[in-house]
Amino acid sequence: MLRIVRHALIPASCWLLASCGSLPQARVQDTSRTFTTVVVDAGHGGKDNGAYRRYGGAEKSATLDVATRLAAKLRESQFRTVMTRSSDVFVPLDERAAVSNSQKNAIFVSVHFNDSRRRGIHGFETYYHSPIARELAYRIQQHLVTMRGASDRGVKTANFRVLRKAVYPAVLVECGFLSNRSEGAAAKSANYREELADKIAEAIVDERYGKGVYRAPLTASDSAGSSSHGE
């Protein structure tokens, strides 16, 4: 759950992601056409629940489930994946960025769910900070809004810490509002989380290899050429 301006109330944990500290802007590397590693960041965790709503439960649980499914789908597509957390633990924001920055030839995708005091608000949002991540953000948003009943709240820039400190293309995806009765209930569904992961994975594969490649059968030459992705 990350918004630059929340409706009335923003949990303290989320302000950290948009804090206006004096840390310098990371020097970014455009790996959007070369990346072989995807760092998958499940938002919140441990002592940080993120949003918590009766309809959707704890954000930290939903993000971990979607992130785990996303990482599995990306591995099936021959990418190397790194998760900033794979269990219910608290990981500081700077450490999440450091995990991504320590990789070679990577991108960073952070998974969140949104929240609002206005229960009628719903839809997907995708954020980026560096211009080199703009296309990836738009691609993910375009895939998500093809889901049945989806509402497009747009692609936006943000100064969130995990995006600002990234040296690779980095995006943050808000996978709907836990505070909305419909989206919150859907977020508890394994099928819905699977579809979210599928749409994000397809967008990432499209970004790297072009449309129509996702889930395409590997040829013998493809298999030989992709072996380095898992190293």
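Just so you know, all these numbers are worked out from the coordinates, no wet-lab data involved. Here the structure is a predicted model, which means the values were calculated and not measured.
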**Request:** Please give every one of the aspartates and glutamates within straight-line cross-link reach of residue 73, meaning a C-alpha to C-alpha distance under 20 Å, and leave out same-chain neighbours fewer than 8 residues apart.
**Result:** 41, 65, 174, 194, 195, 198, 202, 206, 207, 222, 231
**Prompt:** Amide H of residue 113: which non-local residues (sequence gap of 5 or more, or other chain) have their own amide H closer than 5 Å, using H built in the peptide plane?
**Reply:** 175
